[in-house]
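One structure below.
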Protein chains: 2
Amino acid sequence: MNHRDSNFIRACRGESTDHTPVWFMRQAGRSFAEYRELREKHSILELCRTPDLAAEVTLQPVDRLGVDAAILFSDIVVPLLAMGVDVDIKEGVGPIIGNPIRSVEDVDRLVPLVAEEGVPHVIESVRILADELKVPLIGFGGAPFTLASYMVEGRPSKDHALTKSFMHSQPDAWRRLMDVLADSITEYLRAQIAAGASAVQLFDSWAGSLDADDYNAHVAPAVARIFKGLSDEDVPRILFGVATGEILGDMAATGPDVMGVDWRVHLDSVRSRMPETITALQGNLDPALALAPWEVLEAKARSVLERGGGRAHIFNLGHGVLPSTDPGVLARLVDLVHTWRT
Amino acid sequence: MNHRDSNFIRACRGESTDHTPVWFMRQAGRSFAEYRELREKHSILELCRTPDLAAEVTLQPVDRLGVDAAILFSDIVVPLLAMGVDVDIKEGVGPIIGNPIRSVEDVDRLVPLVAEEGVPHVIESVRILADELKVPLIGFGGAPFTLASYMVEGRPSKDHALTKSFMHSQPDAWRRLMDVLADSITEYLRAQIAAGASAVQLFDSWAGSLDADDYNAHVAPAVARIFKGLSDEDVPRILFGVATGEILGDMAATGPDVMGVDWRVHLDSVRSRMPETITALQGNLDPALALAPWEVLEAKARSVLERGGGRAHIFNLGHGVLPSTDPGVLARLVDLVHTWRT
């Protein structure tokens, strides 16, 4: 199904829409009882790697919430499994890596991703979903820095100290790590597009822990390499990170079409920091607001919509849906977005 | 001893100095072997609450690093113990609260701090240090939002979801919580100044998790209340938080003299966001850089100094010293700062 004329894709392109489109990062997952039931029988990685189950979880929120796009249920570490990284996802903690990257030898042992061999289950999930969905499917991958932060630290980190130390102490090894990740993620996203994804989002969730100098010197080239590798693909490419206010212009210069931003920034002030190549903004309600009383949430959502300006804006949260979120509130929020100014 | 003419205090006042002064947040603590030895015999809270030990730990880095100021060894949760909060600090985790704040009744059970009764050990530590130190002593406290985030969550949190939910769902209870914390922290800081602290720093470490609207509506009034309560004190008052780029102007408007900023922002771009009431900036080398090779660290430190402009600038890290930091590197960094442009 061609979704070129859907509200979501049109908004990504900066074109007029019937209403502001909306979807939520992590819209599939722990906030849904059906998901929690599946999780009693399967690990997160099992769900990600079993096409029927990944598709089922992806679909759970779509009709229920009435969102304008689906996002593949997966985790950014899934392609790493096919690259020789010993990774597991520990409930309530996050990715745990058995063989962290600490040397150039560790980097050279990584196996560049070949999608058909390494992630056939992801390709199959995307095929099933592209066939079943009435809305566009967003494929996604982790950006090199964010993936590297898990691979180097071996686990989630608040300060990314080992990652930054590796970056500064072994710049050649770091560059090789960035390059192999960039090429593998390019391959990964191209495979999702070939299988039917109508857009892709690159999650550089932790890039905001870097200052502009380090981002530009050590990270931006790899992100730009991914977008260059996707330049012949006719789908919108979204780039997202948290606490990125000071590097938004630098991130935008790596070549995405759409910039996703967190709740710390005002969308109207973001537009002025963007190069002309950015066709739309995505965001940016604080996920914690979904736990607030409706009147508070409504006022804040309307403020986000106003600042978004009603064009070239995809409504979303400023980060993933919090597990304790009531899906009924998200459904009501979707209605609010869809009926705003119409 | 009057430190009015010290480089540190003069820089805080925006006055000329012999050299750019420098100290490090968390300069006392886990990076020192002598500290780790003490920790084998005493818990963190024992160290904080035993004047001789707190003074000893405070002094450890001062001569060794050659810094221009000492900061009292303590933890922002220390005054909470005297307010009826059941708090312990768990190694490698952070503060754990046995009786989290979830209702207005919980708030009303808090006992406003009376310093002489609640924290006599802190007053005594400051007295000892003011007597022994040849450099100014910085007293400190946690700001209401950051303290509340621990008190509501019950433990360190990445998303502060419960805290924000409490703030939005129970605004009256939240305001009472902010007020009792503001008054208690004012009392706490005044007591430290009376005992000999030459400056005070208010840590609103997690304020950067709020957008400007929420910061101004729900947090800034309590911070302003503290600075107003300190307005007759003739010591520089520093305000610091992490990831605060989007709210720096709002934070500065609450009334501090010096704004401490993290490494994400460029100091030269910060000056233009500041009201005239701000007499100096403090910061802002990424703490992870202290783990990098010296040439990388040196280049970055020089960049911070250049952007700081050599006047009305106190050199510091952009957040606390990481535990794995080599004190020898910090000492070398102090030398670099002291000899820059002289």
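Structural remarks
- Rounded to whole numbers, the Karplus 3J(HN,Hα) couplings from phi for the range B:288-299 are 5, 5, 5, 9, 8, x, 4, 4, 5, 4, 4, 4 Hz, using 6.51 cos²θ - 1.76 cosθ + 1.60 with θ = phi - 60°, and x at Gly and Pro.
- Label-point spacing for residue B:176 across the identical copies (point 7 Å from Cα in the Cβ direction), in nm and ascending order: 6.3.
- Farthest towards the positive end of the charge dipole of the protein assembly as shown, among the residues B:242, B:51, A:253, is the Cα of A:253, using unit charges on the Cβ of Lys, Arg, Asp and Glu.
- Relative to the Cα centre, the charge distribution of the range B:193-336, modelled as +1 at Lys and Arg Cβ and -1 at Asp and Glu Cβ, gives a dipole magnitude of about 200 debye.
- Proximal lysines to residue B:300, defined as alpha-carbon separation beneath 23 angstrom and excluding residues fewer than eight positions away on the same chain: A:158, A:164
- Using a 7 Å Cα-to-Cβ projection, residue B:293 label spacings across copies, nm, ascending: 5.9
- Under a model in which nothing but the beta-carbon of Lys, Arg (+1) and Asp, Glu (-1) is charged, the range B:70-150 shows a dipole of about 240 debye around its Cα centre.
- Amide H contacts under 5 Å for residue B:314, placed H, 5+ residues apart: B:281, B:282, B:283
- Projecting the Cα atoms of B:93, B:80, B:142 onto the charge dipole of the range B:7-321, computed from C-beta unit charges around the Cα centre, puts B:93 farthest toward the positive end.
- Separation between Cα centres of the range A:13-55 and the range A:210-270, rounded to whole Å: 24 Å
- Label zone at residue B:43, where the point sits 7 Å out along the Cα-to-Cβ direction: the range B:67-93 residues whose backbone N lies under 13 Å: B:78, B:81, B:86-91
- Each residue of the range B:80-97 was assigned a 3J(HN,Hα) from its phi angle through the Karplus curve 6.51 cos²θ - 1.76 cosθ + 1.60 (θ = phi - 60°); the sequence is 5, 4, 7, 9, x, 8, 8, 10, 9, 10, 8, 3, x, 10, x, x, 10, 10 Hz, with glycine and proline shown as x.
- Each principal axis of the Cα cloud of the protein assembly as shown was evaluated for its coordinate range; sorted largest first, these ranges are 78, 55, 46 Å.
- Remark: mean inter-chain Cβ contacts per residue of A:328-339 equal 0, using a 10 Å Cβ-Cβ cutoff to other protein chain atoms.
- Ellipticity estimate at 222 nm from DSSP helix runs (n ≥ 4, -39,500 (n - 2.57)) divided over chain A, nearest 500: -13000 deg cm²/dmol
- Among beta bridges that DSSP assigns inside chain B, antiparallel share in %, nearest 5: 15 percent
- Most tightly packed first, judged by the mean number of other beta-carbon atoms within 10 Å of their residues, the peptides B:231-239, A:306-314, B:32-40 read A:306-314, B:231-239, B:32-40.
- Taking every C-alpha pair closer than 8 Å and separated by at least 6 residues, the mean separation divided by the residue count of chain B gives a relative contact order of 22 percent.
- Remark: the Cα gyration tensor places the range A:1-107 in the oblate category, a/c being 1.5 or greater and a/b not exceeding b/c.
- Residue with peak Gaussian network fluctuation, chain A [Cα springs, cutoff 10 Å], from A:161, A:220, A:253: A:161
- Zone residues, the range B:189-233, relative to residue B:179, backbone N less than 16 Å from point 7 Å out along Cα-to-Cβ: B:218-226, B:229
- Average beta-carbon neighbours from other chains, 10 Å sphere, peptide A:167-173: 3
- Estimated FRET transfer efficiency (residue A:88, residue A:50; beta-carbon r; R0 22 Å; 0.05): 0.85
- Placing unit charges on the Cβ atoms only, positive for Lys and Arg and negative for Asp and Glu, gives chain B a dipole magnitude near 580 debye about its Cα centre.
- Each copy carries a label point for residue B:5 at 7 Å from Cα along the beta-carbon vector; from one copy to the others these points are 8.2 nm apart, nearest first.
- Applied to the range A:193-208, the Karplus parametrisation 6.51 cos²θ - 1.76 cosθ + 1.60 on θ = phi - 60° returns per-residue 3J(HN,Hα) values of 5, 4, 7, x, 5, 8, 7, 9, 10, 9, 8, 10, 3, 9, 4, x Hz, with x for Gly and Pro.
Here, each number is a calculation from the coordinates, and none is a lab measurement. Note that the coordinates shown come from a computational prediction; the quantities given were computed from them, not determined experimentally. Cβ coordinates were reconstructed from backbone atoms using ideal geometry, including for glycine residues, and neighbour counts include every protein chain displayed.
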